[in-house]
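Participant: The structure under discussion is supplied below as structure tokens; questions concerning it will follow.
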Amino acid sequence: MIKRSFFGLVKPKLQYEIIDEAPAEPISISASKQILLLIDQFPDSAGNDLFKTGDEVRRGQKIAMADDAPAYLLSSQSGQISKISEFVGMLGKKYMAVTIDVKPDAKRDVKSDAVRAVDESFKKACQAPSLDNAAKYLAGLPGKPDFSVFSDPEKPVKAIVVCGVDNDLLTTTNQYVVKNNIIAIKTGIDLICKISGISHAIMVVPQHLEQVAGSSGAIVKTVDSEYPSAHPELIVQHILASDDGKSMSESGIAFFSAEAVSAIGAAYNTGIPPLEKIVTVITKDGNKRLVSAPIGTPLQDILSEFNETLNEGDRVVFGGPMTGTSVFSTDYPVLPDTDTIIIQDKSQITERDDIACINCGECVRVCPANIQINQLIRFLEAGQYEEAADQWDLFSCIECGFCSYVCESRIPIFQHIKLAKHTLESMKAAEEINA
Ligand code: SF4
Ligand code: SF4
């Protein structure tokens with residue numbers, strides 16, 4: 001997959017994965033005992049006042065901290081809440097963790113009333129499609145559609161872009177959805193255009209899916225196969241030819257993954273939000289398979305399906321090899337935006353040395369944002385985050401992870417960048433709350 005230049009003067013090339021001509025159906029995985037829903041907490045979140053341990057919930061029911069809370073998930077199974085706690089994730093991000101015991105007969109007796117119980121709130125709301133009911137009920141769908149982009153009057157949305165490309169290497173989730181669900185994607189695009197009043201829809205796909213994407217009714221654009229050309233910021237710059245230097249958030253473009261748009265189409269068609277996430281799973285032997293699992297399914301159920309066991313020193317990464325994050329518990333669940341899970345044996349893991357930068361310039365050569373990373377990293381390692389932002393373009397980083405991949409000293413540059421951004425953003429949020 002990687003082609004390195006002999007002289008080291010040309011960028012190394014990483015190619016995105018191309019889905020098979022006739023991909024196998026995803027393996028269907030059920031949550032065996034429980035699902036775990038991780039719901040974003042915001043710095044000023046009030047405590048949970050909607051749910052308590054022992055409450056019964058139905059499939060499709062909205063689970064949030066409060067009625068008007070902006071963050072929520074939909075329960076992918078009917079069952080009973082057995083635990084509500086705080087969960088601290090990557091970079092100290094806090095979640096409300098809701099454990100739901102799945103009805104014991106969920107796998108065996110699909111006809112039982114308890115299992116069939118589906119929350120009807122969206123079915124009623126979807127009779128009159130609107131941005132308001134989409135934001136209220138569908139933000140927890142697979143692919144994590146973000147409807148908040150339509151609510152900023154200072155940044156009006158001018159175009160809707162549907163990404164049928166996968167953001168990281170080895171992943172084929174969105175390609176699979178384009179290949180197999182193009183009718184639902186078309187329905188989803190028509191709906192988003194209708195409720196937002198925006199008629200300009202573009203679908204971005206790899207070249208080999210150009211023809212099938214033509215049935216979506218959207219304008220089709222293609223990206224090349226070289227990482228990180230499918231990154232939304234680079235799509236804005238190169239594919240949509242935004243030559244005014246505006247970033248994704250400033251350019252008036254609402255991005256949705258193909259999976260999210262397909263799920264929106266299916267939800268409005270049937271009145272029942274689909275809550276099965278398609279995930280590319282890579283096992284220790286390097287085999288890749290697509291699975292379909294209810295949102296909230298714990299990692300353990302996926303490991304069991306593939307007969308994988310974790311030993312001391314093995315690693316599980318949620319996300320692709322360039323931008324993913326290690327998780328440390330087999331309870332960690334499939335989230336609405338979990339596209340990839342990589343299970344690695346200890347012997348496959350390259351140790352990070354964290355030795356000093358040798359100024360080789362490899363990171364600078366590959367950086368799509370043209371950041372002087374060899375300078376930036378010195379400030380990040382010293383914890384001088386404000387200087388890194390003011391003098392060395394910290395916030396121009398689009399978080400592709402390429403610099404960490406090529407670093408000769410194996411410095412975890414990408415992780416330093418994420419920590420610095422998170423620290424500065426948290427400080428700013430705290431200042432705004434105090435003000
Ligand atoms: S992660 Fe950021 S700094 Fe590193 S190569 Fe990508 S854009 Fe450049
Ligand atoms: S940070 Fe790593 S890749 Fe970049 S110049 Fe230093 S040693 Fe080379």
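The values are calculated or read from the model by the stated rules, or taken from the named source; none is laboratory data. These figures come from a predicted structure and were not determined experimentally. Quick reminder, even Gly has a Cβ in these numbers, built from the backbone with ideal geometry, and neighbours come from all protein chains shown. Quick note on the areas: whole protein, heavy atoms, side chains included, nothing else; ligands and nucleic acids left out. Shrake-Rupley method; radii C 1.70, N 1.55, O 1.52, S 1.80 Å.
Participant: If I ask for residues that are at pLDDT 75 or above, in a loop (DSSP other than H, G, I, E, B) and open to solvent by 70 Å² or more (accessible area, probe 1.4 Å), which ones from the stretch 91-132 would you list?
Facilitator: Answer for the stretch 91-132, where residues must be at pLDDT 75 or above, in a loop (DSSP other than H, G, I, E, B) and open to solvent by 70 Å² or more (accessible area, probe 1.4 Å): 93, 120, 127.
Participant: Conditions first: (1) assigned to a loop (DSSP other than H, G, I, E, B); (2) more than 16 Å from ligand 2 (Cβ to nearest atom); (3) touching a Leu at 6+ places or on another chain (Cβ under 8 Å); (4) under 29 Å from residue 261 (Cβ atoms). Residue 368 passes all but one, so which condition is the exception?
Facilitator: (2)
Participant: Residue pairs, Cβ under 6 Å, 6 or more apart or interchain, first in the stretch 386-406 and within 15 Å of residue 229 (Cα to Cα) and in the same structural domain as residue 169 (by TED's automatic domain parsing), second modelled with pLDDT of 95 or more and near ligand 1 (Cβ under 10 Å from one of its atoms). List them.
Facilitator: Cβ pairs passing all conditions: none.
Participant: Mind checking which pairs have a first residue in the stretch 119-138 that is over 23 Å from residue 78 (Cα atoms) and a second that is open to solvent by less than 60 Å² (accessible area, probe 1.4 Å) and among the hydroxyl-bearing types (Ser, Thr, Tyr), Cβ under 8 Å, 6 or more apart or different chains?
Facilitator: As it stands, the answer is 129/268; 131/196, since those pairs meet every condition given.
Participant: Would you mind stating whether residue 379 is more than 9 Å from ligand 1 (Cβ to nearest atom) and open to solvent by 60 Å² or more (accessible area, probe 1.4 Å)? Spell out how you get there, then give the answer.
Facilitator: Values: more than 9 Å from ligand 1 (Cβ to nearest atom): yes; open to solvent by 60 Å² or more (accessible area, probe 1.4 Å): no.
No, not satisfied.
Participant: Mind telling me which of the residues 297, 309 ends up being among the polar types (S, T, N, Q), out of contact with any Phe, Trp or Tyr (no Cβ under 9 Å at 6 or more places or on another chain) and crowded, with 19+ Cβ neighbours inside 10 Å? Before you say what the answer is, go through the steps one by one.
Facilitator: Numbers: 309 fails: crowded, with 19+ Cβ neighbours inside 10 Å.
After ruling out the rest, the residue left standing is 297.
Participant: For the stretch 260-282, enumerate the residues that are part of a loop (DSSP other than H, G, I, E, B) and open to solvent by less than 10 Å² (accessible area, probe 1.4 Å).
Facilitator: Of all residues in the stretch 260-282, those part of a loop (DSSP other than H, G, I, E, B) come to 271-275.
Passing the criteria: 271, 273, 275.
Participant: Would you check which residues across the stretch 346-365 are basic (Lys, Arg) and in a helix (DSSP H, G or I) and list them?
Facilitator: Step one: filter the stretch 346-365 for residues basic (Lys, Arg), giving 346, 352, 365.
Answer for the stretch 346-365, where residues must be basic (Lys, Arg) and in a helix (DSSP H, G or I): 346, 365.
Participant: Residues in the stretch 411-419: is at least one in a loop (DSSP other than H, G, I, E, B) and under 24 Å from the mean Cα position of the chain (by Cα)? Steps first, answer last, please.
Facilitator: Keep residues of the stretch 411-419 that are in a loop (DSSP other than H, G, I, E, B), which gives 411-412.
Then keep just the ones that are under 24 Å from the mean Cα position of the chain (by Cα); that gives 412.
Yes, some residue in the stretch 411-419 is in a loop (DSSP other than H, G, I, E, B) and under 24 Å from the mean Cα position of the chain (by Cα).
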